[in-house]
1. Got at least one residue in the range 38-47 being among the small types (Gly, Ala, Ser) and part of a helix (DSSP H, G or I)?
2. Which count do you get for residues in the range 186-231 that are out of contact with any Ser or Thr (no Cβ under 8 Å at 6 or more places or on another chain) and closer than 25 Å to ARG141 by Cβ?
3. Given the conditions (1) surrounded by 13 or more Cβ atoms within 10 Å (Cβ to Cβ); (2) part of a loop (DSSP other than H, G, I, E, B), report the number of the one that CYS175 does not fulfil.
4. Just one of ARG60, ARG27 is surrounded by 13 or more Cβ atoms within 10 Å (Cβ to Cβ) and under 18 Å from ILE131 (Cβ atoms); which is it?
5. Of all residues in the range 147-172, how many are over 24 Å from GLU203 (Cβ atoms), surrounded by 14 or more Cβ atoms within 10 Å (Cβ to Cβ) and hydrophobic (A, V, I, L, M, F, W, C)?
6. From the list VAL194, VAL232, VAL209, which residue is closer than 23 Å to ARG157 by Cβ and either touching a Lys or Arg at 6+ places or on another chain (Cβ under 8 Å) or part of a helix (DSSP H, G or I) (or both)?
7. Considering only the range 246-253, I want to know if a residue exists there that is under 18 Å from PHE22 (Cα atoms), at pLDDT 95 or above, touching a Lys or Arg at 6+ places or on another chain (Cβ under 8 Å) and not acidic (Asp, Glu).
Amino acid sequence: MKEKLYTIPLNDAMNAEDECPFCFIERNVEQDIMDYVLGSCASYMESDTREATDKAGFCRMHYKKMFDYGNTLGNGWILKTHYKKLIAEMKDQFSHFTPGKTSLMDKLKGRPADANAIASWVAEKEKTCYICDYFTKEYARYMDTFFYLYKNDEAFREKLKNSKGFCLHHFGDLCANADAHLGDAEKKDFYPLVFRLMEENMERVSGDVDWLIEKFDYRNKDADWKTSKDAVQRGMQKLKGGYPADPVYKMNK
């Protein structure tokens, strides 16, 4: 099958022979959006981008990554306008706030008061992150592309059959999407394939972790490390996704 522009990232991820192709894609997309938000293109100075970041904000994890990225001025501008929008909303929430009432019967039965409006407003703010939300949309497209290639590209299916499977996190997403993308006959081939990949590769990583531990026994100090030197970071990735051993991603000045 002739490669198309939108299939290149998934084929690149499969060619990387990583523990999980979706982890590989996730890292690339996140770094691209970090470059877009804070990099030399200075999109944080554009009104439409700042309007979007002001509205969504960022999660704790991505604030930390943005700080580590290294663009102090860019982070400052993003925080400046986001604070102004947030404070205006907060004042409006405070001006309309009425504490919930708990009746005597509710107290006796241990029932909570009505939902606190301020707590609900804060909870809504916690649900959005400009970078997470961007990746969620991109991820859905990559998931669609995965199944498109699986159904239409024999070379891609061969890469999948010979791959290291997926991390458990992304494997769950894959199974959640498979029923919507595959017909009944296709599912009969797909599930045994991915189940085999997961069993074999979880066992492989588990074996690497076992041997890494054995290497700390003085009796094995001269034995070959085999493929266990990076077993801890690969073992963590296989369970939860991501790259625990990655260096901090910094702005390319």
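1. Taking the range 38-47 and keeping what is among the small types (Gly, Ala, Ser), we get 39-40, 42-43, 47.
From what's left, part of a helix (DSSP H, G or I): 43, 47.
Yes, that holds for at least one residue.
2. Total meeting the criteria: 8.
3. If we test CYS175 against (1) surrounded by 13 or more Cβ atoms within 10 Å (Cβ to Cβ); (2) part of a loop (DSSP other than H, G, I, E, B), just (2) comes out false.
4. Going through ARG60, ARG27 in turn, just one is surrounded by 13 or more Cβ atoms within 10 Å (Cβ to Cβ) and under 18 Å from ILE131 (Cβ atoms): ARG27.
5. Within the range 147-172, the subset over 24 Å from GLU203 (Cβ atoms) is 147-149, 151-156.
Applying the additional criterion that residues be surrounded by 14 or more Cβ atoms within 10 Å (Cβ to Cβ) yields 147-149, 151, 153, 156.
Subset that is hydrophobic (A, V, I, L, M, F, W, C): 147, 149, 156.
Within the range 147-172, residues that are over 24 Å from GLU203 (Cβ atoms), surrounded by 14 or more Cβ atoms within 10 Å (Cβ to Cβ) and hydrophobic (A, V, I, L, M, F, W, C) number 3.
6. Numbers: VAL232 fails: closer than 23 Å to ARG157 by Cβ; VAL209 fails: closer than 23 Å to ARG157 by Cβ.
Going through VAL194, VAL232, VAL209 in turn, the sole match is VAL194.
7. Restricting attention to the range 246-253, the residues satisfying the condition of being under 18 Å from PHE22 (Cα atoms) are 246.
After this cut, where a residue has to be at pLDDT 95 or above as well, the list is 246.
Now narrow it down to the ones that are touching a Lys or Arg at 6+ places or on another chain (Cβ under 8 Å): 246.
Narrowing further to those that are not acidic (Asp, Glu): none.
Checked against the condition, which is being under 18 Å from PHE22 (Cα atoms), at pLDDT 95 or above, touching a Lys or Arg at 6+ places or on another chain (Cβ under 8 Å) and not acidic (Asp, Glu), the range 246-253 yields no hits at all.
To keep it simple, each residue is scored yes or no on (1) within 30 Å of PRO192 (Cβ to Cβ); (2) outside any helix (DSSP H, G or I); (3) at pLDDT below 95.
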position: ASP68; (1), (2), (3): no, no, no
position: TRP77; (1), (2), (3): no, no, yes
position: MET90; (1), (2), (3): no, no, no
position: PHE97; (1), (2), (3): no, yes, yes
position: LEU108; (1), (2), (3): no, no, yes
position: ILE131; (1), (2), (3): no, no, no
position: ASP144; (1), (2), (3): yes, no, no
position: TYR150; (1), (2), (3): yes, no, no
position: LYS164; (1), (2), (3): yes, yes, no
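The values are calculated or read from the model by the stated rules, or taken from the named source; none is laboratory data. None of the values given here were measured: they were computed from a predicted structure. Using ideal geometry, Cβ is built from the backbone for each residue, glycine included, and neighbour counts are taken over all protein chains shown.
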